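Following: one structure in structure tokens, then a few remarks.
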Amino acid sequence: MKSLPQMGARRTLLIVGTSILIFSGCQKQIDQPRNQEANNEVASKAQHGHLKQTKEYSSDVVFKWMDAQLELMRTSSPFIGGLPVSRIFGYSGIALYESVVPGMPAYQSLAAQLNQFPIADMPKEDPGFAYHWPSSANAALADMTRNFFPNKTSVDALEQSLKQEFAKTVDADVLARSIAFGKKIAQVVSAWASADNANHANDAYTPPTGAGMWVPTPPAFAVAFGPYWKSNRLMVAGSLKGIDAVPPPPVYSEDPSSDFYKMVKEVYDVSQSLTAEQRAIGLYYRDNPGYGGGHYISILKLVLQQEHTTLDVSALAYAKAGIAAVDAGIGCWTVKYTYNNLRPITYIRNVLGHTTWNPLFGTPAFPDYISGHSTIAGAVAEVLTSMFGDNYHLTNNTYSYLNMPDQHYSSFYDMADQIGKSRVYAGIHYTTSCVEGNKLGQTIAHNVLNTLKFEKE
């Protein structure tokens, strides 16, 4: 007769053995789906393409479209420059950003944050499917550029050239999917742009009359440009917060002891003692011949190239600077047509008595206070400083093709300050118009950056 301990030991071995068999069977059942999932994932990647982030690509596609837009600004007839270029800058920047942001895991779409943006119309990328983000950017920027400029041939040529280049290394299905996504983004952004009220900026307008009020200036005596630009839809609601703090210009007076008289006389005095360098600076920011307001796109491109930025950083900078430039322009024109302040040439000829005096080039056809160039420069400087830091050294060779001397900056704020001074050197603005414009531009950019949340929470 077997002892109880022996029988217990046999039972234990039986139970353990049975458990091992049961566990092994379960493990096979568990491992099989897991292996199947892994196989499916491999098959999915083979079918849908390798997933790459936006930061893994260079910014060459962006630079080529910047160059194309700048060339179209310069060569289009009639010349496309000045304030309207800010719209091209802003809407192109948004389309670029939205066309590549799905490949930026830490960042999010701006659709829900932009003013009156048609969120429901925004396309969504297919999860788990690969995209070639330069192709998406190419498609978006091509369609945006095509919508803004009359010369479609050069746009078509660049788009196809880049597409053919990408096709050499990108699977056909990935290429087609990426292009379709970029074009859908451009379609939605373009539709949003068409409803911003810019087409009514130059509706019939009768300027107010009276002492110190703006009047058309020689030699063209052109009617006021953009009197209703102030009614354009802002890109960011609330971006003009603080605009009420802009002080009014000095009270009009013809008294030699008055602030207004001294303000204008400074412009005249500066014009009589311009150094060669000051004259060169004044002419540099005339921007015609040149790129008009597109000068800021050129400056942004120079910074991005100097930094060797990848596609994600370039898209981010393009969107931020473009949005700030658009709203800065609207803010500036709001102030301009609030005060309708006369230009230096009118006072210098009629009050100071220098009847044949002229600025370095024709005075733009809109009120003086505040300076548009200074306001947009202040906004762009604020954005670039936030991204690339202060004490930033940059050489601006935008107009080397015109044999103009390069301009050098020790910071982006130094750049904005120089652009403001250039308007005084040119004889088309008062110092206070440039200083206050610069301040307002910085304020608007600050509002934009504090309102929009590019990064995910």
Residues being modelled with pLDDT under 95 and over 16 Å from residue 372 (Cβ atoms) - total across region 264-303: 1
Filtered residues of region 184-233 (kept if part of a helix (DSSP H, G or I) and crowded, with 18+ Cβ neighbours inside 10 Å): 184, 185, 186, 188, 189, 192, 193, 198, 229, 230
With respect to residue 90, is the statement that it is farther than 18 Å from residue 76 by Cβ and assigned to a loop (DSSP other than H, G, I, E, B) true? no
For the condition closer than 26 Å to residue 100 by Cα, touching a Phe, Trp or Tyr at 6+ places or on another chain (Cβ under 7 Å) and not small (Gly, Ala, Ser), what is the one hit in 162, 175? 175
All conditions in (1) in a helix (DSSP H, G or I); (2) touching a strand residue (DSSP E or B) at 6+ places or on another chain (Cβ under 6 Å) are true of residue 335 except (2)
Residue under question is residue 165, and the condition is that it be assigned to a helix (DSSP H, G or I), free of Cβ contacts under 8 Å to residues at least 24 places away in the same chain and either touching a His at 6+ places or on another chain (Cβ under 8 Å) or crowded, with 17+ Cβ neighbours inside 10 Å (or both); does it hold? no
Which condition from (1) more than 15 Å from the chain's Cα centre (by Cα); (2) modelled with pLDDT of 95 or more; (3) not charged (D, E, K, R) is the one that residue 127 breaks? (2)
Please determine whether any residue of region 136-158 is touching a Pro at 6+ places or on another chain (Cβ under 8 Å) and of a type outside the set (S, T, N, Q). no
Do we find that residue 131 is surrounded by 16 or more Cβ atoms within 10 Å (Cβ to Cβ), of a type outside the set (A, V, I, L, M, F, W, C) and not in a helix (DSSP H, G or I) in this structure? yes
Can residue 95 be described as modelled with pLDDT of 95 or more, assigned by TED's automatic domain parsing to the domain that holds residue 150, exposed (fewer than 12 other Cβ atoms within 10 Å of the Cβ) and assigned to a helix (DSSP H, G or I)? no
Could you please tell me which pairs satisfy a Cβ distance under 7 Å, a separation of 6+ or placement on different chains, a first residue in region 339-358 that is farther than 15 Å from residue 430 by Cβ, and a second residue that is in a loop (DSSP other than H, G, I, E, B) and of a type outside the set (A, V, I, L, M, F, W, C)? 349/355
Checked against (1) over 18 Å from residue 97 (Cα atoms); (2) touching a residue at least 40 places away in the same chain (Cβ under 8 Å), residue 400 satisfies every condition except (2)
Boolean, residue 226 is closer than 15 Å to residue 350 by Cα, modelled with pLDDT of 95 or more and out of contact with any Lys or Arg (no Cβ under 8 Å at 6 or more places or on another chain): no
Looking at region 227-234, can you tell me whether even one residue there is of a type outside the set (Phe, Trp, Tyr), under 24 Å from residue 86 (Cα atoms) and not assigned by TED's automatic domain parsing to the domain that holds residue 346? no
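Results for (1) under 19 Å from residue 120 (Cα atoms); (2) of a type in the set (A, V, I, L, M), shown as yes or no for each residue.
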| residue | (1), (2) |
| --- | --- |
| 178 | no, no |
| 184 | yes, no |
| 213 | no, yes |
| 222 | no, yes |
| 238 | no, no |
Across region 271-286, what is the number of residues that are of a type in the set (Val, Ile, Thr) and in contact with a Ser or Thr (Cβ under 9 Å, 6 or more places away or on another chain)? 1
Residue count for region 280-302, restricted to those that are crowded, with 23+ Cβ neighbours inside 10 Å, of a type in the set (A, V, I, L, M, F, W, C) and over 21 Å from the mean Cα position of the chain (by Cα): 0
Which residue pairs have Cβ atoms under 9 Å apart, sit 6 or more places apart or on different chains, and have a first residue in region 268-282 that is more than 20 Å from residue 354 (Cβ to Cβ) and a second that is modelled with pLDDT of 95 or more and of a type in the set (Val, Ile, Thr)? 281/419
If we ask which residues in region 238-256 are assigned to a loop (DSSP other than H, G, I, E, B) and surrounded by 14 or more Cβ atoms within 10 Å (Cβ to Cβ), their number turns out to be 10
May I ask you to verify whether residue 172 is out of contact with any strand residue (DSSP E or B) (no Cβ under 6 Å at 6 or more places or on another chain), among the small types (Gly, Ala, Ser) and either surrounded by 12 or more Cβ atoms within 10 Å (Cβ to Cβ) or under 22 Å from residue 234 (Cα atoms) (or both)? no
When region 167-190 is examined, which residues are found to be among the aliphatic types (A, V, I, L, M) and within 18 Å of the chain's Cα centre (by Cα)? 185, 186, 188, 189
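The values are calculated or read from the model by the stated rules, or taken from the named source; none is laboratory data. Just so it is clear, the model here is predicted, and its values are computed rather than measured. Glycine also receives a Cβ, built like all others from the backbone with ideal geometry; neighbour counts cover every protein chain displayed.
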